[in-house]
Amino acid sequence: ALQSDSVRESVLYRTDEQAPFKEVGVSDYHSMIQPLGFVGNSTNSIYALSNQNRDKLALVEYDLAAAKELQVIYANNTVDIAGNGYSALSKEMLFTGYTIDKPIKHYFNATLAKHMERLGEKFPESNLDILDVDSSLTKIIVKTITDNSSGAIYFYDSEANRVELLAENNPKLHDQALAKKNPVSFQSRDGLTLHGYLTYPTGQEGQHNLPVVVLVHDGPGKRDLMDYDAEVQFLANRGYLVFQLNYRGSLGFGKEFWMAGFKEWGGKIQTDMIDGVTWLIHQDIVDKDRVAIMGTGFGGYAALYGLTFNSSFYSCAISMSGYTNLFTYFREIPPYYQQYVQLYYSILGNPNKETELFKTISPLFHADKVKRPVLFAQGGRDRFSSVNDANQFVQRLKNNNVPVKYIYKEEEGRRFRTE
């Protein structure tokens with residue numbers, strides 16, 4: 001069992017239903033242990049993801065009775081190991097994996113590995129995400145994943161070597177020429193290695209002085225992947241180079257990289273993006289006078305922050321439900337997130353004790369600094385971004401004669417669902 005007090009998450013264990021639970025492992029933002037399932041018929045040993053005494057999450061075998069790690073089964077020095085691939089039917093790890101640029105799978109089960117190798121020959125341009133397998137490992141449901149296709153879901157009968165299409169994710173895009181993502185990496189100004197993706201408009205690969213949209217992922221505790229992204233394809237189709245960056249604070253690159261983003265919402269996270277675009281400008285890939293910044297949620301906040309404090313760098317900002325007032329962001333945290341409020345204090349800060357920090361990095365209080373055009377979309381049902389704050393921010397821009405387009409939809413949440 002797992003229990004949390006908002007700071008620590010405990011792994012609890014008992015040998016049978018009559019025995020009391022005892023704490024056998026502790027997770028916090030410094031270290032983590034995530035149980036995946038028991039090892040075979042053992043009642044003591046489990047498979048788990050853990051970064052205790054290491055920076056990256058590794059797949060380990062953990063002894064619950066002794067409350068200690070027995071061995072590292074699989075690890076990567078650059079990124080965290082993913083938490084999928086455990087079979088509750090056979091009580092074994094069928095596979096695991098990690099993602100630096102493209103997803104990489106490592107198979108523990110030789111039978112499944114052989115079936116997936118044969119299936120992969122039918123989809124040479126795609127990564128295959130295993131959604132489910134039967135107990136005999138002969139029937140498999142997979143999803144095709146690629147950066148320039150919305151993908152589909154297939155049923156595979158390995159005995160007959162037969163593939164059946166179950167559903168396409170977006171049939172209307174089937175014959176469309178979509179753009180490919182290109183992985184990139186560079187050094188930030190303080191020496192941190194940052195990974196991201198460049199998507200050129202189709203037919204313009206390798207061209208110079210392109211207009212760029214810095215597309216900032218939500219979170220920041222998430223990451224961009226080399227997968228299909230509708231916003232990326234929309235922008236590339238309109239002739240824009242799209243730059244996605246896994247800035248510090250993004251998940252998947254180890255706890256040090258994640259914690260490097262703590263209390264840097266208005267600091268080094270923002271300079272990571274500027275460093276990335278500057279790197280592209282120095283290579284003559286990007287036109288320095290045509291740099292836009294865009295995002296949703298935290299990405300929308302970053303877009304507004306960028307235009308507020310770096311108006312000379314960005315040409316315009318596009319914000320979907322971006323946070324304008326971080327005091328309100330904390331006040332609007334819903335009840336089911338309250339158990340994590342202490343973690344939010346570490347990531348962002350405590351609004352009751354660090355008032356000046358929150359005021360300094362909230363765009364609402366610095367709207368007079370904005371000089372470039374803004375497209376601002378706000379959903380009335382977004383829990384983290386106040387409509388009142390959004391209205392105030394937009395009104396202040398209008399009062400300063402800043403070109404602003406404001407789209408408010410009362411029934412929408414953070415991301416608009418209707419056309």
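The values are calculated or read from the model by the stated rules, or taken from the named source; none is laboratory data. Note that this is a predicted model, so its numbers are computed, not measured. Neighbour counts run over all protein chains shown; Cβ positions are idealised from the backbone, glycine included. Note: areas computed on protein heavy atoms with side chains; ligands, DNA, RNA excluded. Shrake-Rupley method; radii C 1.70, N 1.55, O 1.52, S 1.80 Å.
Can you tell me what percent of all Cα-Cα pairs in the range 116-253 are more than 21 Å apart?
Working: 4998 of 9453 pairs.
When every Cα pair of the range 116-253 is considered, 53 percent fall beyond 21 Å.
How much length is gained if the chain between Tyr29 and Glu121 is pulled fully straight, taking 0.36 nm per residue apart and subtracting their Cα-Cα distance, in nm to one decimal?
Answer, rounded to one decimal: 29.0 nm.
Calculated FRET efficiency, Ile104 and Lys22, Cβ-Cβ r, R0 51 Å, to nearest 0.05?
Given R0 = 51 Å and the Cβ-Cβ separation, E is 0.85.
Could you give P(r) for the chain, binned at 20 Å from zero, as whole percent values over all Cα-Cα pairs?
23, 53, 23, 1
Can you find, among Gly267, Leu215, Val242, the residue farthest towards the positive end of the dipole of the range 211-279? Put +1 on the C-beta of Lys and Arg, -1 on that of Asp and Glu.
Towards the positive end, the residue furthest out is Gly267.
Leaving out ligands, DNA and RNA but keeping every protein chain, what accessible area does Phe365 have, in Å² rounded to the nearest 10, with a 1.4 Å probe?
70 Å²
For Arg415, project a label point 7 Å along Cα to C-beta. Then give me every residue of the range 231-269 with its amide nitrogen under 15 Å of that point.
231-235
Using the Karplus curve 6.51 cos²θ - 1.76 cosθ + 1.60 with θ = phi - 60°, work out ³J(HN,Hα) for each residue of the range 35-49 in order, rounded to whole Hz, and write x for Gly and Pro.
x, 10, x, 5, 7, x, 8, 5, 9, 10, 8, 10, 7, 8, 9
List the residues whose amide H sits under 5 Å from the amide H of Gly37, counting only those 5 or more places along or on another chain, with H placed 1.01 Å from N in the peptide plane.
Amide H neighbours of Gly37: Tyr47.
For the chain, what's the relative contact order in percent, using C-alpha pairs closer than 8 Å and at least 6 residues apart?
9 percent
Identify, among Val370, Val79, Pro201, the residue whose Cα sits farthest towards the positive end of the charge dipole of the chain, taking +1 on the Cβ of Lys and Arg and -1 on the Cβ of Asp and Glu, with the dipole about the Cα centre.
Selected residue: Val370.
Using a Gaussian network model of the chain whose springs link C-alpha atoms within less than 10 Å, name the residue from Gly380, Gly151, Gly254 with the highest mean-square fluctuation.
Largest GNM mean-square fluctuation: Gly380.
For Val404, which sequence-distant residues (separation of 5 or more, or a different chain) have an amide H within less than 5 Å of its own amide H, given hydrogens modelled in the peptide plane?
Amide H to amide H, under 5 Å and 5 or more residues apart or across chains, Val404 pairs with Val374.
With charges only on Cβ, +1 for K and R and -1 for D and E, what is the dipole size of the chain about its Cα centre, in debye, rounded to 20?
Its charge dipole is roughly 1080 debye.
With a 1.4 Å probe and every protein chain left in place, work out the accessible area per residue of the range 378-419 in Å², rounded to a whole number.
It amounts to 68 Å² per residue over the range 378-419.
Mind pulling the angle between the C-alpha long axis of helix 298-309 and the longest principal axis of the chain? Nearest 10 degrees, somewhere in 0 to 90.
Between helix and principal axis, roughly 30 degrees.
If DNA, RNA and ligands are ignored and the probe is 1.4 Å, what is the ranking of Ile140, Ile130 by accessible area, most exposed first?
From most exposed to least exposed: Ile130, Ile140.
Rounded to two decimal places and with Rh computed the Kirkwood way over Cα pairs, what is Rg over Rh for the range 220-377?
Value, to two decimals: 0.96.
Kindly write out, for the range 311-326 in residue order, the coupling ³J(HN,Hα) from the Karplus curve 6.51 cos²θ - 1.76 cosθ + 1.60 (θ = phi - 60°), rounded to whole Hz, with x marking Gly and Pro.
4, 7, 8, 9, 7, 6, 10, 10, 10, 9, 6, x, 6, 9, 10, 6
What does the convex hull of the Cα atoms of the range 1-146 come to per residue, in Å³, rounded to a whole number?
Considering the Cα atoms of the range 1-146, their hull volume per residue is 130 Å³.
As an exercise, use a Förster radius of 35 Å and the Cβ-Cβ distance of Lys405 and Asp190 to find the FRET efficiency, rounded to the nearest 0.05.
Efficiency, rounded to the nearest 0.05: 0.45.
Tell me, what ³J(HN,Hα) does each residue in the range 101-112 have, in order and in whole Hz, if you take phi through Karplus 6.51 cos²θ - 1.76 cosθ + 1.60 with θ = phi - 60° and put x for Gly and Pro?
Each residue's phi maps through the Karplus curve to give 10, 9, x, 10, 9, 10, 9, 9, 8, 5, 5, 5 Hz.
Please compute the alpha carbon radius of gyration of the range 124-200, then divide it by the globular-protein estimate 2.2 N^0.38 Å. Two decimals is fine.
Working it through for the range 124-200, the quotient is 1.52.
If you line up the long axis of helix 268-282 against the longest principal axis of the chain, both from Cα atoms, how many degrees apart are they, to the nearest 10?
In the chain, helix 268-282 runs at an angle near 80 degrees to the longest axis.
Using a 1.4 Å probe over the heavy atoms of the protein chains, calculate the carbon and sulfur portion of the accessible area of the range 92-236 as a whole percent.
49 percent
Over all pairs of distinct alpha carbons, what does the Kirkwood formula give as the hydrodynamic radius of the range 297-419, in Å?
Radius from the Kirkwood sum: 14.7 Å.
How big is the Kirkwood radius of the range 46-105, worked out from every pair of different alpha carbons and given in Å to one decimal?
12.1 Å
Heavy atoms only, probe 1.4 angstrom, no DNA, RNA or ligands counted: give me Arg162, Arg331, Arg223 ranked by accessible area, highest first.
Solvent-accessible surface, decreasing: Arg331, Arg162, Arg223.
Using the Cα centre of the range 236-362 as the reference point, and only Cβ charges (+1 on K/R, -1 on D/E), how large is the resulting charge dipole? Debye, rounded to the nearest 20.
The dipole of the range 236-362 has a size of about 220 debye.
What does the charge dipole of the range 296-391 about its Cα centre add up to, to the nearest 20 debye, if the Cβ of each Lys and Arg holds +1 and the Cβ of each Asp and Glu holds -1?
Roughly 100 debye, rounded to the nearest 20.
Rolling a 1.4 angstrom probe over the protein chains, ignoring ligands and nucleic acids, what is the accessible area of Glu92 in square angstrom, nearest 10?
60 Å²
Which order do you get for Phe313, Phe257 if you rank them by accessible area with a 1.4 Å probe, largest at the top?
Descending accessible area places them as Phe313, Phe257.
Please tell me which of these pairs span more than 24 angstrom C-alpha to C-alpha: Lys143/Lys222; Lys68/Lys102; Lys263/Lys409?
Working: Lys143/Lys222 21 Å; Lys68/Lys102 33 Å; Lys263/Lys409 31 Å.
Over 24 Å Cα-Cα: Lys68/Lys102; Lys263/Lys409.
How big is the gap, in Å, between the Cα center of the range 1-55 and the Cα center of the range 77-111?
20 Å
Put +1 on the Cβ of each Lys and Arg and -1 on the Cβ of each Asp and Glu in the range 121-184; which of Leu131, Pro183, Leu165 then has its Cα farthest toward the positive end of the dipole?
Pro183
Tell me the relative contact order for the range 170-270 as a rounded percent, counting alpha carbon contacts under 8 Å between residues six or more apart.
26 percent
Can you tell me the accessible area per residue over the range 47-117, all protein chains present, probe 1.4 angstrom, in square angstrom?
Per residue, the range 47-117 has 47 Å² of solvent-accessible surface.
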